[in-house]
Amino acid sequence: MYSECVSTSERLIESTRELLWERGYVGTSPKAILERAGAGQGSMYHHFKGKPDLALAAIRRTAEEMRATAEAVLAGPGTPYERIEAYLRRERDVLRGCPVGRLTMDPDVIASAELRAPVEETLTWLRGRIAGIVEEGKEQGQFAPDLDGDRIAAAVLATVQGGYVLARASGSPAAFDAGVQGLLSLLAPPRSRTA
């Protein structure tokens, strides 16, 4: 699965990231990690203190990747509305769900302050980043002056995360797309709305 030039610790982290997304913390056994990584028994304990330490490295990596992906879109060209629209419409594997958002449904991750921290930090960062873009849009006169950036950012995150849940429940990305389109209709600057 991995080339020989990829270090064992990297293979362990990547395998754990994939398994956490697919199976959650409890379903991610050390044996499954080692098998997926193509690593020998004891490799995990050579590079990491144990499963919680490896899971933390994997969750941090997933959170960093999510922030980088979001930032690339949110810092892109266009008006504040267009940048939020680009974030909402960016390509996603909707039926797999959000690798960070799914961790919030994992009782073992939520019960651990250490494992939960990168998840919480990422979602807090994303809310703040989107709220800042809304404020920028208000300053440019694109959004109504009484629009609350923090509340809009919370609605954007709720739409994305809820959209994943609805799409997975229905087995179709159409539910995600409908939620995104509904939110964009509500956010559209007055001159962009159709009568």
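Determine one quarter of the surface area of the Cα convex hull of the chain, which equals its mean projected area, and express it in nm² to one decimal.
Answer in nm², one decimal: 12.7.
Please check: in the Gaussian network model of the chain (C-alpha springs, under 10 Å), which one of A70, A153, A169 has the largest mean-square fluctuation.
A169
Calculate the spin-label point distance for A169 paired with H46, positioning each point 7 Å from the Cα along the beta-carbon direction, and give it in nanometres.
That separation, rounded to one decimal, is 4.7 nm.
Could you run the Karplus curve 6.51 cos²θ - 1.76 cosθ + 1.60 with θ = phi - 60° over the range 170-183 and give me ³J(HN,Hα) per residue in whole Hz, x for Gly and Pro?
So the Karplus estimates, Gly and Pro as x, are 8, x, 9, x, 4, 5, 4, 4, 5, x, 4, 4, x, 5 Hz.
Identify all lysines with a Cα-Cα distance to K31 below 20 Å; exclude those on the same chain that are fewer than 8 residues away in sequence.
K49, K51
Could you calculate, for the range 103-195, the ratio of the Cα radius of gyration to the Kirkwood radius, expressed as Rg to Rh?
1.06
Net charge near R67: determine it from the other residues with C-beta under 10 Å of the C-beta of R67, scoring Lys and Arg +1 and Asp and Glu -1.
Its environment carries a net charge of -3.
Evaluate E = 1/(1 + (r/R0)^6) for W125 and E22, where r is the Cβ-Cβ distance and R0 equals 30 Å; express this FRET efficiency to the nearest 0.05.
Efficiency at R0 = 30 Å is approximately 0.75.
In whole percent, how big is the carbon plus sulfur part of the accessible area of the chain, probe 1.4 Å, protein atoms only?
The nonpolar share, carbon plus sulfur, comes to 53 percent.
Suppose the chain between A111 and E10 were pulled fully straight at 0.36 nm per residue; how much longer would it get relative to their current alpha carbon spacing?
33.8 nm
For every helix of n ≥ 4 consecutive DSSP H residues, a contribution of -39,500 (n - 2.57) applies; sum these over the chain, divide by its total residues, and give [θ] at 222 nm rounded to the nearest 500 deg cm²/dmol.
-22000 deg cm²/dmol
When the expected Rg is taken as 2.2 N^0.38 Å, what fraction or multiple of it is the alpha-carbon Rg of the range 43-120?
Compared with the compact-globule rule of thumb, the range 43-120 sits at 1.35.
Can you tell me the length gained on complete extension of the stretch L95 to V73, counting 0.36 nm per residue apart and subtracting the Cα distance?
Working it through step by step, the gained length comes to 5.8 nm.
So for the pair A155, A178, with labels modelled 7 Å out along Cα→Cβ, what separation do we get in nm?
1.9 nm
Using θ = phi - 60° and the Karplus relation 6.51 cos²θ - 1.76 cosθ + 1.60, list the HN-Hα couplings for the range 26-37 in order, rounded to whole Hz, with x at every Gly or Pro.
Couplings: 4, x, 9, 8, x, 4, 5, 4, 4, 4, 5, 7 Hz.
What net charge do the residues around S15 carry, taking every other residue with its C-beta under 10 Å from that of S15, with Lys and Arg at +1 and Asp and Glu at -1?
-1
Mind listing the phi-derived Karplus ³J(HN,Hα) values for the range 125-137, rounded to whole Hz, using 6.51, -1.76 and 1.60 with θ = phi - 60°, and x for any glycine or proline?
4, 5, 4, x, 5, 5, 4, x, 5, 5, 4, 4, x
Equivalent ellipsoid semi-axes for the range 1-95, as square roots of 5 times the alpha carbon gyration tensor eigenvalues: give them largest first, rounded to whole Å.
For the range 1-95, the ellipsoid semi-axes come out as 33, 13, 12 Å.
The values are calculated or read from the model by the stated rules, or taken from the named source; none is laboratory data. What you see is a predicted model, and the numbers here were worked out from it, not measured in a lab. Neighbour counts are summed over all protein chains in view; Cβ atoms, including those assigned to glycine, are modelled from backbone coordinates with ideal geometry. These accessible areas exclude ligands, DNA and RNA; they are computed on the full protein's heavy atoms, side chains included. Shrake-Rupley method; radii C 1.70, N 1.55, O 1.52, S 1.80 Å.
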